[in-house]
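The values are calculated or read from the model by the stated rules, or taken from the named source; none is laboratory data. Predicted model, so just to flag it, every value in this text is computed and none were measured. Don't worry about glycine lacking a Cβ; one is built from the backbone with ideal geometry, like all the others, and counts go over all protein chains shown.
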Amino acid sequence: MTQQTKPLNRRLAVKRILRDRQQDVLVVTSLGNPTFDVAAAGDTPQNFYLWGAMGGAVTFGLGVALAQPKKRVVVFVGDGEMMMGLGSLATVGVDKPSNLSIVVIDNEHYAETGMQLAHAGRGVDITAIARAAGFENAETIERERELEEFVDVILKATGPVLATIKVGTDPEPTSLPPRDGPWLRSRFREALLGSAAHASQ
């Protein structure tokens, strides 16, 4: 992020994006801060939290988007998670799901392991990588005005969409959503399929 720009607050940024969320928008989160921030904005059955599986959130979201082409899918990941699953951007760029958005919460550090400087803090440009992978709609967001202008793109524009949101490193209170994996899976299936979720079980 530029030295002249005060970084965005990650929790407020996530809350702003989800404020305009329609009920049928599906949200997938990676472990750590993205999960805490989405939960703080409001836990719903349409949220699926990947507590583990670092590097797998985008591919999970891609699978959901391909299986549910009429629903918007928004994946929230940290920059460290995105770097671990970098190949997933190439797969998304090839498949080009029109209903998938990826929001990278980029504090340029590994928050979960002690705030070590991450690749994004050493000059790696995640947005540029996404564009090279075939994302026609990929932007880096550093200011509130830019975020405000891009919210509708994240929630409504033809995808795939990627937004790298540059945020600060200030800690936020931990907001823990449910952690029971099988229960979260069942809740998510029911939100998608209703009573049909149990037909094949």
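Tabulated results
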read-out	value
Region 175-201 - residue that is in a loop (DSSP other than H, G, I, E, B) and of a type in the set (A, V, I, L, M) and, of those, surrounded by the fewest Cβ atoms within 10 Å (Cβ to Cβ)	Ala199
Selection count, region 117-155, where residues are farther than 18 Å from Leu62 by Cβ and in contact with a Pro (Cβ under 9 Å, 6 or more places away or on another chain)	1
Glu172, sole failed condition from (1) outside any helix (DSSP H, G or I); (2) out of contact with any helix residue (DSSP H, G or I) (no Cβ under 6 Å at 6 or more places or on another chain); (3) among the acidic types (Asp, Glu)	(2)
Counted residues, region 179-201 - those being in contact with a helix residue (DSSP H, G or I) (Cβ under 6 Å, 6 or more places away or on another chain) and under 30 Å from Pro7 (Cβ atoms)	0
Test for Asp79: is it over 15 Å from Thr164 (Cα atoms) and acidic (Asp, Glu)	no
Residue match in region 118-135 (condition: touching a residue at least 60 places away in the same chain (Cβ under 8 Å) and crowded, with 17+ Cβ neighbours inside 10 Å)	no
Identity of the residue in region 136-152, part of a helix (DSSP H, G or I) and without any contact (Cβ under 8 Å) to a residue 40 or more places away in the chain, that ends up surrounded by the most Cβ atoms within 10 Å (Cβ to Cβ)	Phe150
Residue pairs meeting the criteria (Cβ under 9 Å; at least 6 apart or on separate chains; first within 14 Å of Val124 (Cα to Cα) and in contact (Cβ under 8 Å) with a residue 60 or more places away in the chain, in region 71-92; second hydrophobic (A, V, I, L, M, F, W, C) and outside any helix (DSSP H, G or I))	Asp79/Val104; Asp79/Ile105; Asp79/Ala118; Asp79/Val124
Within region 64-109, tally of residues that are in contact with a Ser or Thr (Cβ under 8 Å, 6 or more places away or on another chain), outside any helix (DSSP H, G or I) and more than 24 Å from Glu148 (Cα to Cα)	3
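So that you can scan it fast, the table gives a plain yes or no per residue for (1) crowded, with 18+ Cβ neighbours inside 10 Å; (2) small (Gly, Ala, Ser); (3) at pLDDT below 95; (4) part of a loop (DSSP other than H, G, I, E, B):
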residue: Ala13; (1), (2), (3), (4): yes, yes, no, no
residue: Leu18; (1), (2), (3), (4): yes, no, no, no
residue: Gln23; (1), (2), (3), (4): no, no, yes, yes
residue: Val27; (1), (2), (3), (4): yes, no, no, no
residue: Leu31; (1), (2), (3), (4): yes, no, yes, yes
residue: Asp37; (1), (2), (3), (4): yes, no, no, no
residue: Ala40; (1), (2), (3), (4): yes, yes, no, no
residue: Trp51; (1), (2), (3), (4): no, no, yes, yes
residue: Gly55; (1), (2), (3), (4): yes, yes, yes, yes
